[in-house]
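Engineer: First the structure, then my questions, so here it is.
Since every read-out is calculated from the coordinates, none of them should be taken as a lab result. Keep in mind that this is a model prediction, so the values were computed, not measured.
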Amino acid sequence: MSDIFDTEKRSDVMSKIRSKKNKSTELKLIKLFKQADIKGWRRNYPVKGHPDFVFIAERVAIFVDGCFWHGHDCRNVTPSDNAEFWNKKRSDNRERDRKATERLQAHGWAVLRIWECELKKKNESATLAKIIDALCVEKVVDCGKL
């Protein structure tokens, strides 16, 4: 199926799309934070790299990456239409993720990346343990209470 817009118009349309309140990633992580009584996180905090969640005082940044958009191999789904474009898009996203992680770490931030598939019901407890472990190391939560 061909695009109804030319390349320039499509680029303009796509540049205006912003991710907010993504049900499969960010809202699920908020639910896990509430289940574990994890407090002190902020969303949309203006730090370079744009993590989804930050714990400011402890300098912990959490990214929740969509499996399709960031090229996770859990679901090997690559559109057959325009495959070259999608492969480049995912590759560029992974490179941008790598640079953001390195930049934050260079400025003293601990970075945790969580895949969308890790937030599925069957993986919730393992993901919550991964988050709590990372937050315990950075003294975000009192792990003696858990």
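Engineer: Compute from the Cα atoms of segment 55-102 the Rg and the Dmax, the latter being the longest Cα-Cα distance, and quote both in angstrom.
Structural biologist: Values for segment 55-102 (Cα only, Rg and Dmax): 13.5, 46 Å.
Engineer: If you don't mind, another one. With the calculation restricted to Cα positions, what are the radius of gyration and Dmax of segment 23-137 in angstrom?
Structural biologist: Calculated on Cα positions, Rg and Dmax stand at 14.8, 46 Å.
Engineer: Relative contact order (percent) for segment 56-135, with alpha-carbon contacts under 8 angstrom and 6 or more residues of separation?
Structural biologist: Once divided by the residue count of segment 56-135, the mean separation gives 41 percent.
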